[in-house]
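Q: The structure under discussion is supplied below as structure tokens; questions concerning it will follow.
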Amino acid sequence: MEHIVIIGNGIAGVTAARHIRKLSDKRITIISTETDYFFSRTALMYVYMGHMKFEHTQPYEKGFWKKNRIELVKGYVSQVLPKEKKLLLRDGEGMSYDKLVIATGSKPNKFDWPGQDLDGVQGLYSKQDLDQLEVNAPNKQVCKRAVIVGGGLIGIELAEMLRTRDIPVTFLVREDSFWNGVLPSGESQMINEHILEHHIDLRLGASLKEIVSDENGRVKSVVVEETGEEIPCDLVGLTAGVTPNIGFLKDSGIELGRGVKVNRFLETNIKDIYAIGDCAEQHEAIGNRRPIEAVWYTGRMMGETVAQTLCGNKMPYNPGHWFNSAKFLDIEYQTYGWVFSERRKKAEEVHFHWRHPKEKLCITIAFHRDSEEFLGINTFGIRLRHEVFDRWLTEKRNIEYVVEHLVDANFDPEFYRTYEKDIVNQFNSDFGKSIILKKKSLKRIFQMS
Ligand SMILES: Cc1cc2nc3c(=O)[nH]c(=O)nc-3n(C[C@H](O)[C@H](O)[C@H](O)COP(=O)(O)OP(=O)(O)OC[C@H]3O[C@@H](n4cnc5c(N)ncnc54)[C@H](O)[C@@H]3O)c2cc1C
């Protein structure tokens, strides 16, 4: 029987295993070093915040694996030997495979900062990081101040987590506005204000120079590059992005870039070896997408896709329109299509931005200057219907249509009842239009004929 070995039991590897089992009777083994069972990494923060126990982040019962004949091996793969079709584990064991799927995810970035390996310095990625956080920052008596380095989605999660235990947080963000490599300036500015209002000491334009040790090899302070200021602290959270976790493949002959290089079929340069999830790097980016996409749902999609190929139905990875969601403290953020920051925006991308005068609510809609084609939307503080935007992007609707029908995309009737007129009035005034809002239509939303 063909033996498929998957390295990594994250969302990508486990989805691949589940779908291979749905489609075939092949022998499946998952090897992973972090935990015995799959868990939802995106829920780690809620464990520290006391909303759930770690066990609740594991969606499958223990019996699931046996019932589905998915063998689980806890171990670290230290080498892949493609010529022999064999893996070596750190404990000296070997394992043969017929087909190999690499799904080893990411690891937090470190940029050779002095002191980055001191006690009390950590990332937030793994279950081990969560356990370490309980040791380093159980409460504000042990951790009198934390410094977080790197202003992205994981940094802000870590800040929120620590604040729930009343631990003072200083947040060093190299850019002059939060996440402004991704968010347009109006949104980024709103998030700056929101972070400060949550009593987080946000330092913009501030990068890490050095982490200073006490006499026991434990962090005592950090030094800020731009100002030379020394900030005393008991925890340093390194959240300056992630990198594919592929160091163990260095001498394997598998083509590596920043990640494991794959084609649209998720195949590497070596026959019968595939890569999926955060660790996979497309030879050529798909449309506007980045060649490496470290997000949950794309890992799941790649897992489903590679399962089809492994079971004889060769299938390209086709992720469709970009979307994503996240949370900035208590503000929900959704994005559909492309709304680029000022830094990445092309000349023909025009933005319509509306922000509520008092509350932390805003939307930005991007459209093409000449054709007026709708390119994408970002929303903060409101929830919109994924399938409606997916359809409008596929149908290449224009901006007027989208503004006119915005109410169809909205889950939250209260919001539009109150603000829709303001939004449309502002759009009309900004762009010299005279759009009149359409009433909500279930027929349109669900495409009933
Ligand atoms: C705190 C946090 C919050 C996040 N929140 C969001 C969110 O809200 N939305 C979103 O879209 N994404 C989010 N992400 C990103 C998302 O979790 C990742 O994109 C996703 O988990 C990647 O899945 P994966 O299966 O590719 O890899 P992983 O989940 O990283 O799994 C890979 C596994 O392989 C193991 N492994 C690595 N090397 C070896 C080896 N040599 N031998 C054996 N095992 C090995 C690792 O230990 C790990 O367990 C978040 C990430 C973090 C850290």
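Nothing in this text is a laboratory measurement; each read-out follows from the coordinates by a stated rule. Not measured: the values here are computed from a predicted model. With ideal geometry, Cβ positions are generated from the backbone for all residues, glycine too; neighbour counts draw on all protein chains shown.
Q: Springs between alpha-carbon pairs under 10 angstrom, Gaussian network model over the chain: which of Leu100, Leu89, Leu130 fluctuates most?
A: Maximum fluctuation in the GNM of the chain, among the listed residues, is at Leu89.
Q: Right, something else. Which loop-located chymotrypsin sites (Phe, Trp or Tyr not before Pro) does segment 90-192 contain, where loop means any DSSP state but H, G, I, E or B and the Cβ has at most 12 other Cβ atoms within 10 Å? Intermediate values should be presented prior to the final figure.
A: Working: sites: Tyr97, Phe111, Tyr125, Phe171, Phe178, Trp179; in loops: Tyr97, Phe111, Tyr125, Phe178, Trp179.
Sites meeting the loop and neighbour criteria: Phe111.
Q: Cut-off 10 angstrom, C-alpha nodes, Gaussian network model of the chain. Which of Lys421, Lys358, Lys220 fluctuates the most?
A: Most flexible of the set in this elastic network: Lys358.
Q: Another question, then. Would you order Phe389, Phe323 from fewest to most other beta-carbon atoms within 10 Å of each residue's own beta-carbon? Show your work: numbers first, answer last.
A: On the way: Phe389 23, Phe323 18.
Result, fewest neighbours first: Phe323, Phe389.
Q: Then there's this: Along segment 154-160, what does the Karplus equation 6.51 cos²θ - 1.76 cosθ + 1.60 (θ = phi - 60°) give for ³J(HN,Hα), rounded to whole Hz, x for Gly and Pro?
A: Once rounded to whole Hz, the list reads 6, x, 6, 5, 5, 4, 4.
Q: Roughly what % of DSSP beta bridges within segment 1-105 run antiparallel, to the nearest 5? Kindly include the intermediate steps, with their values, before the conclusion.
A: Working: 7 of 21 bridges.
About 35 percent, rounded to the nearest 5.
Q: As a check on your grasp of the helix formula, calculate [θ] at 222 nm for the chain: sum -39500 (n - 2.57) over DSSP H runs of n ≥ 4, divide by the residue count, round to the nearest 500. Don't skip to the answer; put the middle values down first.
A: Details: 11 runs with 111 residues, N = 449.
So the calculated ellipticity at 222 nm is -7500 deg cm²/dmol.
Q: Charges only on Cβ, +1 for Lys and Arg, -1 for Asp and Glu: so what's the dipole of segment 149-304 about the Cα centre, in debye to the nearest 20?
A: Details: 15 positive and 26 negative charges, 112 e Å.
Dipole of segment 149-304, to the nearest 20 debye: 540 debye.
Q: So, one more: Taking the chain as a Gaussian network, where each spring joins two C-alpha atoms under 10 Å apart, which residue of Arg165, Arg90, Arg69 fluctuates the most?
A: Arg90
Q: Calculate the translational D of segment 1-128 in whole µm² s⁻¹ from Stokes-Einstein, where the hydrodynamic radius comes from the Kirkwood formula applied to all Cα pairs, the temperature is 25 °C and the viscosity 0.890 mPa s.
A: Numbers: Rh = 16.3 Å.
Here the translational diffusion coefficient equals 151 µm²/s.
Q: Let me ask something else about it. In segment 123-252, what is the volume of the convex hull around the alpha carbon atoms, normalised per residue and reported in Å³? Numbers along the way, then the final one.
A: On the way: hull volume 17.5 nm³, N = 130.
Given the Cα convex hull of segment 123-252, per-residue volume reads 134 Å³.
Q: Same structure, new question: Once Lys and Arg get +1 and Asp and Glu get -1 on their Cβ, which of Met52, Tyr37, Gln132 lies farthest toward the positive end of the dipole of the chain?
A: Tyr37
Q: Report ³J(HN,Hα) in whole Hz for each residue of segment 307-314, in order, from the Karplus equation J = 6.51 cos²θ - 1.76 cosθ + 1.60 where θ = phi - 60°; Gly and Pro get x.
A: In residue order, the calculated couplings are 4, 4, 4, 5, 9, x, 10, 4 Hz.
Q: How would the chain be classified by its alpha-carbon gyration tensor: rounded, prolate or oblate, with rounded meaning a/c under 1.5 and the a/b versus b/c comparison settling the rest? Write down the numbers at each step before the final one.
A: On the way: a/c = 1.93, a/b = 1.18, b/c = 1.63.
Since a/c reaches 1.5 but b/c is at least a/b, the shape of the chain is classed as oblate.
Q: Here is a follow-up. So in segment 71-178, what percent of DSSP beta bridges are antiparallel if you round to the nearest 5? Each step should come with its number before you reach the end.
A: On the way: 7 of 11 bridges.
Among the beta bridges of segment 71-178, antiparallel pairing accounts for roughly 65 percent.
Q: Something else: Near the amide H of Phe171, under 5 Å away, which other amide H atoms are found, from residues 5 or more places off or on another chain, if H is placed in the peptide plane?
A: For Phe171, the qualifying residues are Ile148, Asp201, Leu202, Arg203.
Q: Another question, then. Tell me which of Asn109, Gly92, Ala146 sits at the most positive position along the dipole axis of segment 90-237, charges placed on C-beta atoms (Lys, Arg +1; Asp, Glu -1).
A: The Cα lying farthest towards the positive end belongs to Gly92.
Q: Please rank Val77, Val339, fewest neighbouring Cβ atoms within 10 Å first, as an exposure proxy.
A: On the way: Val77 23, Val339 26.
By the 10 Å Cβ count, ascending, the order reads Val77, Val339.
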